[in-house]
Amino acid sequence: MTTQPIGQGMAPDFLLEIENLTVSFDGFKAVNDLSLYVDKNEIRVIIGPNGAGKTTVLDLICGRTKATSGSIRFKGQELTRLSENKIVLAGVGRKFQTPSIYDDLTVFENLEISYPRGRTVFGALTFRRDAQVIERIEEIAEMIFLSDRLHERGEFLSHGQKQWLEIGMLLIQDPELLMLDEPVAGMSVTERVKTAELLNRIIKDRSVLVIEHDMKFVEDIAHRVTVLHQGKVLSEGSMERVQNDPKVIEVYLGH
Amino acid sequence: MSVFSKERYGFLARSEILGLLALAALIVVVVPLSLDIFRLNLVGKYLTYAFVAIGLVLCWGFGGILSLGQGIFFGLGGYCMAMFLKLEASSVENTKIQSTPGIPDFMDWNQLTSLPWFWQPFKSLPLTLIAVVAVPAVFAFVIGTAMFKRRVGGVYFAIITQAVAAILTILIIGQQGFTGGINGITDLRTLLGWDIRTDHAKYVLYFVNAALLMGVLVLGYFVRASKLGRILVAMRDKEDRVRFSGYSVASFKTFVFCLAAALAAVGGAMFTLQVGFMSPSFVGIVPSIEMVIYTAVGGRLSLIGAVYGTLLVNAAKTALSESFPQLWLLGLGGLFIAVVLAFPNGLAGIWGAWIAPWFARLTKSGSHGSAVANGSPAE
């Protein structure tokens, strides 16, 4: 990548570089002059009180919300000007907060749509469900504990199974940067344990950006933690450092 | 995979092949043998609307894009064909009493002295046949791109298609000299010298129409069985998830809208050939909504149901409007409301829920559930 901006100087190795990012909704700055760097293979957890701008940051990265100013570079490529599907093709995957799967399609078909081939109109018309596709889908289904429900329609899955399916849909997409918005929210205790195990397995060999409230879970997986408050970075570092930061205790953990 | 492969032949399930054969037997054998040529021609006319209904199943049923303006494309296809036939009927010989011989009569009445430029391509049959599909498809592409790129959808899209239908009707009526105005393009006689008004021609055209309709149905099944068909259903469910799985949602919506438009246009062209004229009364708001009702009655998720829905509603329309002309529109409105409330999946839903299981029990074939596939995996 030779697209290093002037003044960037150091840090050529970050996978994701967010600089001076601001978005304002009718004057309210949901994200305010935010800078954030994510390394290759780093698992970064974003925490912060409600309304801190966590989900908005993910929305900005994946193109759902357009930035007012600032830049987001992924592997040196500017994302703020790309459409959502181009950002996906660049290698960014996103899981939504509420499970977002296709109720009317089977688990198999849900996974198949996320299979990274035949994404144009004519590609989709001529897409063939060959042995390679089937094998990959079965492999993913095994990982997300849904092997025996492959031909069941999405609407008949439990909440936790829907979350797993969506994680599986991201996995088959094989993104370099995986963004997860509260992946264990609303799960039963057993589902939560299984999900943590699943996440630990899938986050290997890729960078992950997670929003999560469950501190136990955060402690388990995070390499580094970023605390957001009112659209700005309040503190950043290891879980231990962040937990002992008086500013963080003041606005978040203390309550 | 085994669940899929067991009963599939290519992209068609066994129940779908049986359904297609049954329909083919009905419209190619039973109907022609049991009706006189006047009634047969009427059924042929109904079947031209079925092209629109099949397009609506793909676009609205699967893709969730409700277009209340399919009359636009039906009309454009019909007008393209009518322009060719009209030019052929307006030979210098036939129009020698006009002040400008060799142009269509309505142009002469409106003091036009030469053929407008956009009529020129319709002197050629190959160009006309291309235009029948291309003009509506390009028009749909322009509307689709403009709307879907801006994420206009749902009710707003439906209203805009209605507005376009209204505008096009007004334009056709207003530009009398170029379009024949409110009367439309009438007095069509021959296709490359072959008189389309004879009983024999009507028979031939009926069968051509029926064959095209079966072809379009097979095409519809192909699209539905492809990954594109599943993406349409996925888009209807969770548009954002599709977008964030790397698909350009606008392109897929535009594609299916153009496909529906092209199918409607083929129906329109066959309408012109069989009925012998084209007029703005098939373009506007009312016919466009009627076409949606055919689809709803047939079951908006069933390609083959769309054909039965079209036949049923039109047969009822003819029967009722012959005896109670004023009541018909009320009846049609009532039917639409009743179907949406009581049978959201229309005839195909009734078939899948009641008749097919009864058949299965009767024949004890044990292949229960396969007939439900008629209602698509996406009901």
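Each value in this text was obtained by applying a stated rule to the coordinates, not by laboratory testing. Remember, it's a predicted structure, so these values are computed and weren't measured experimentally. Counting neighbours? That spans all protein chains shown, and the Cβs are built from the backbone with ideal geometry, glycine included.
Each principal axis of the Cα cloud of the range B:1-125 was taken in turn, and the coordinate range along them, longest first, works out to 71, 38, 25 Å.
May I ask what percent, to the nearest 5, of DSSP beta bridges between residues of the protein assembly as shown are antiparallel? Taking every DSSP beta bridge with both residues in the protein assembly as shown, the antiparallel ones total about 60 percent. GNM on chain B, alpha-carbon springs under 10 angstrom: the most fluctuating residue among B:GLY154, B:GLY177, B:GLY75 is B:GLY154. The share of C-alpha pairs in the range B:275-328 whose separation exceeds 13 Å stands at 65 percent. Of all DSSP bridge pairs formed entirely within chain A, close to 55 percent run antiparallel.
A DSSP coil position with no more than 15 other Cβ atoms inside 10 Å describes the following trypsin sites (Lys or Arg not before Pro) in the range B:44-121: B:LYS96.
Pairs of Cα atoms in the protein assembly as shown fall into 10 Å distance bins, from 0 up to the last occupied one, in shares of 3, 14, 21, 20, 16, 12, 8, 4, 1, 0, 0 percent. In chain B, one over the average inverse separation of all distinct C-alpha pairs is 21.6 Å, which is the Kirkwood hydrodynamic radius.
Each label was represented as a point 7 Å from its Cα along the Cα-to-Cβ direction; for B:PHE11 and A:SER158 these points are 3.9 nm apart.
Please state the shape class of chain A: rounded when a/c is under 1.5, otherwise prolate if a/b exceeds b/c and oblate if not, all from the C-alpha gyration tensor. Oblate is the answer for chain A, as a/c is 1.5 or above yet b/c matches or exceeds a/b. Shown is the FRET efficiency for A:MET215 and B:VAL142, computed with R0 = 41 Å from the Cβ-Cβ distance and rounded to the nearest 0.05: 0.15. In this calculation the C-beta distance from B:ILE170 to B:VAL204 is compared with R0 = 41 Å, giving a FRET efficiency of 0.70. Between B:SER90, B:SER114, B:SER67, the GNM of chain B built on Cα springs shorter than 10 angstrom shows B:SER114 fluctuating the most. With each label modelled as a point 7 angstrom along the Cα→C-beta vector, the B:SER124-B:ARG150 pair spans 3.6 nm. Each residue of the range B:164-170 was assigned a 3J(HN,Hα) from its phi angle through the Karplus expression (A = 6.51, B = -1.76, C = 1.60, θ = phi - 60°), giving 5, 4, 5, 4, 5, 4, 4 Hz with x at Gly and Pro. The relative contact order of chain A, computed from alpha carbon pairs under 8 Å that lie at least 6 residues apart in sequence, is 26 percent. Taking θ as phi - 60° and the Karplus parameters 6.51, -1.76 and 1.60, the scalar couplings of the range A:231-242 work out to x, 10, 6, 8, 7, 8, x, 5, 3, 4, 4, 5 Hz in sequence order, x denoting glycine and proline.
Once the chain from B:SER281 to B:VAL218 is taken as fully extended at 0.36 nm per residue, the excess over their C-alpha distance is 19.7 nm. Here the Karplus relation 6.51 cos²θ - 1.76 cosθ + 1.60, evaluated at θ = phi - 60°, turns the backbone of the range B:45-54 into coupling constants of 5, 4, 5, 5, 5, 5, 4, 5, 5, 5 Hz, with x for every Gly and Pro.
Extension gain, A:SER147-A:ASP205: 0.36 nm per intervening residue step, less the Cα-Cα distance, totals 18.5 nm. Considering only A:GLY237, A:GLY51, A:GLY123, the mean-square fluctuation computed in a Gaussian network model of chain A, springs between alpha carbons under 10 angstrom, is largest for A:GLY123. Here the range B:185-238 is assigned +1 on the Cβ of each Lys and Arg and -1 on the Cβ of each Asp and Glu. Its dipole about the Cα centre then comes out at about 460 debye. Over the range B:144-239, the hull volume per residue, using the convex hull of the C-alpha atoms, is 174 Å³. Nearest 0.05, what FRET efficiency do A:LYS86 and A:SER188 give at R0 = 45 Å with Cβ-Cβ as r? Plugging the Cβ-Cβ distance into 1/(1 + (r/R0)^6) gives 0.75. Rounded to the nearest 20, the Cβ-based charge dipole of the range B:1-107 about its Cα centre (Lys and Arg +1, Asp and Glu -1) stands at 280 debye. Spin-label model, B:THR190/B:SER114: points 7 Å from Cα along the beta carbon direction are separated by 2.7 nm.
The residue among B:VAL292, A:THR226, A:LEU21 whose Cα reaches farthest toward the positive pole of the charge dipole of the protein assembly as shown, with charges on the beta-carbon of Lys, Arg, Asp and Glu, is B:VAL292.
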